[in-house]
1. Could you sort 99-111, 198-210 so that the peptide with the highest average Cβ count within 10 Å comes first and the rest follow in order?
2. Would you mind checking the radius of gyration and Dmax of segment 120-238 based on alpha-carbon positions, in Å?
3. Per DSSP H run of n ≥ 4, the term is -39500 (n - 2.57); total these for the chain, divide by its residue number, and report the mean residue ellipticity at 222 nm rounded to 500 deg cm²/dmol.
4. Which whole-number percent is the relative contact order of the chain (Cα, under 8 Å, 6+ apart)?
5. Name the shape class, rounded, prolate or oblate, that the alpha-carbon gyration tensor gives for segment 169-212, where a ≥ b ≥ c are the square roots of its eigenvalues, rounded holds for a/c under 1.5, and otherwise prolate holds if a/b is larger than b/c and oblate otherwise.
6. Using the number of other C-beta atoms within 10 angstrom as an exposure proxy, rank Phe185, Phe8 with the fewest first.
7. Taking amide H positions as placed 1.01 Å from N in the peptide plane, with prolines and chain starts having none, which residues 5 or more places from His281, or on another chain, fall under 5 Å of its amide H?
8. By residue number, which cysteines of the chain lack any other Cys whose Cβ falls under 4.7 Å from their Cβ?
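Each reported figure results from applying straightforward, stated rules to the coordinates on display, with no laboratory input. Computed from a predicted model, the values in this text were never measured in an experiment. Don't worry about glycine lacking a Cβ; one is built from the backbone with ideal geometry, like all the others, and counts go over all protein chains shown.
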Amino acid sequence: MNDTDDIFDTIIAGSGPAGLTAAIYAARSNLKTLVIAGAEPGGQLIWTTEVEDYPGFPEGILGPDLMKLFREQAERLGAKFADGQVKEVDLKERPFKVKVGDRQFLGQSLIIATGASAMWLGLPSEQRLRGRGVSACAVCDGAFFKGKNLVVVGGGDTALREALFLTRFAPKVYVVHRRDSLRAFKALQERAFQNPQIEFVWKSEVQEVLGKDTVNGVKIKNNQTGKEKTLDVQGLFVAIGHRPNTDFLKGHLELSEKGYIMLKGGSTTSVKGVFAAGDVHDWKYQQAVTAAGAGCMAALEVEEFLEEQKAANQA
């Protein structure tokens with residue numbers, strides 16, 4: 001798509017489940033809709049090999065294939081797409097200005113659905129085996145590891161929830177933490193300590209994920225003694241947190257201390273006419289189906305907002 005001064009009814013930043021569902025609803029309501037695809041078109045699901053928990057696919061579906069269907073549906077209904085990532089916004093007045101590289105787009109409303117990115121360890125072997133035994137979502141991928149030993153990296157609430165969830169499938173779950181104490185809620189700690197399937201590996205960090213095509217071991221190092229050992233596992237779950245993709249919104253929208261968009265009710269943000277959907281505000285659930293539901297809500301609220309503005313202008 002070329003530079004344009006056309007004014008869209010709504011611009012949607014992000015093309016994961018939230019953004020594309022919003023696009024489907026907005027376009028179906030005959031709103032002139034533009035989707036900015038983002039840094040990872042399709043969102044985090046493009047890294048998921050198999051999706052078994054999204055309704056309507058009893059045999060499961062590959063994450064990239066599911067997102068391809070979402071996009072095809074949005075395009076069929078009339079949504080337009082622009083590749084690239086939102087670098088800057090001007091929300092002082094409507095139409096809002098959205099800059100993507102050296103291009104600028106104008107929108108009477110804006111839906112932020114840029115999601116949140118999992119924080120990774122930064123190891124080449126970890127990135128090479130993402131989706132092949134390395135994951136950042138136990139709820140998404142845990143069922144693929146029935147009968148297999150696993151490692152969870154982290155020491156907070158998320159890490160312990162992941163570890164406890166994974167004991168439904170794995171006979172042994174190692175929790176590798178770089179410190180000698182946990183940051184998680186005491187109740188979670190007690191549950192984890194009492195679970196015979198969970199073993200804590202303290203003061204240790206992952207050095208390498210082993211395996212050619214799939215994970216077959218994890219090499220760890222004690223950060224006090226320097227001693228290395230290899231854990232005989234078939235999966236690694238990284239649970240050191242998520243980072244919402246909201247850097248471009250600082251100073252424009254009200255954000256939480258961790259950078260998540262603060263909602264004022266429904267999908268509305270601190271700026272009238274700007275809405276949010278999905279993991280960009282949802283720090284808790286972070287599932288494809290909840291993101292899609294939030295995208296639907298945001299699009300319906302955009303339609304209502306634009307109708308109110310139209311009525312006010314005609315009054």
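1. 99-111, 198-210
2. 13.0, 38
3. When only DSSP H runs of four or more count, the value is -8000 deg cm²/dmol.
4. Contact order relative to length: 21 percent.
5. oblate
6. Ranking Phe185, Phe8 by Cβ neighbours within 10 Å, fewest first, gives Phe185, Phe8.
7. When sequence neighbours closer than 5 places are left aside, the close amide H contacts are Ile261.
8. When partners are defined as cysteine Cβ atoms under 4.7 Å apart, the chain leaves Cys296 without one.
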